[in-house]
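Below is one structure, written out as C-alpha cells; the observations come after it.
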Amino acid sequence: MKDALTIHRALLERETTHQIVRLPVAITHADELPRALGLPARRCLVTRVYTCDDVRPERRFLTGVVVAAGDLPPAEAVRRAVGARLIRPARPDLVNAVTEYAAGLVCPLLLPEGMPLLVDQSVVNANPLDEVVYAATGEPSTALAIRCLDLYAISGAKPVAFPSVQTGAAPTSV
C-alpha cells in the first residue's frame, strides 16, 4: 500500500516543496481533514473514485475526482467529462487494489497511469495557486501539505466546471 513515505519520496525526487503533517487525531476518511486540521473545507481536498463503464462494451475503468472536503460532484457531470456510459462510486476493495491507497484516504498523486483525474473548477477558483492545500496520504494519521500549483501540475488533474456540487453531502466514512 502507498503511504506518506511513498508520497514524500516521490515529491523529493521531483524537488517539490511539501510537508507531511502529523494529524492530532486519526481520521477514517479524507472528509474529516478540515476538523482534524482546523481549516476550511476548501483547503482540504478529497479524491473520490468512481467505476466507469466505457461506451465500448465490457470495458471498465476508474476515474478520480478532486473536490473540497464534504463535497460530492454530480455523477452525471463526471460521466460526461470522462466519456463513460455508466458511473458509480467504486467499491472500497477495488479502490484499495487499484490505487494502492486506503479507500477513504486516496491521495491525488501517484495514481495509476491511465486513470483519469478531474478537479472541481470551484476548488481551483477558491484556492490561489500559491496557497497550501491538504490531501490524504493513504494513512489515518498524516496529511500532505502542498501548494495548489504543484498539486495540479504533478497530478495532471483536468479542471472541470461541475454545475452543482453537493456541499456537505459526502459520506464521512467508507
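Since every read-out is calculated from the coordinates, none of them should be taken as a lab result. All figures in this text were calculated on a predicted structure; none of them were measured in a lab. Counting neighbours? That spans all protein chains shown, and the Cβs are built from the backbone with ideal geometry, glycine included.
Stretching GLU58 away from HIS8 to a fully extended chain increases their span by 14.3 nm, per 0.36 nm per residue minus the current alpha-carbon distance. Taking every DSSP bridge with both residues inside the chain, close to 75 percent are antiparallel.
For VAL98 and LEU39, a Förster radius of 25 Å and the Cβ-Cβ distance give a FRET efficiency of 0.30, rounded to the nearest 0.05. Per-residue extension of 0.36 nm, minus the Cα-Cα distance of GLN19 and LEU86, leaves a gain of 20.4 nm for this segment.
The long axis of helix 4-13 is offset from the longest Cα principal axis of the chain by roughly 80 degrees.
Think of the range 4-161 as a dipole: +1 on every Lys or Arg Cβ, -1 on every Asp or Glu Cβ, centred on the Cα centre; then among VAL132, VAL160, ILE146, VAL160 lies furthest on the positive end.
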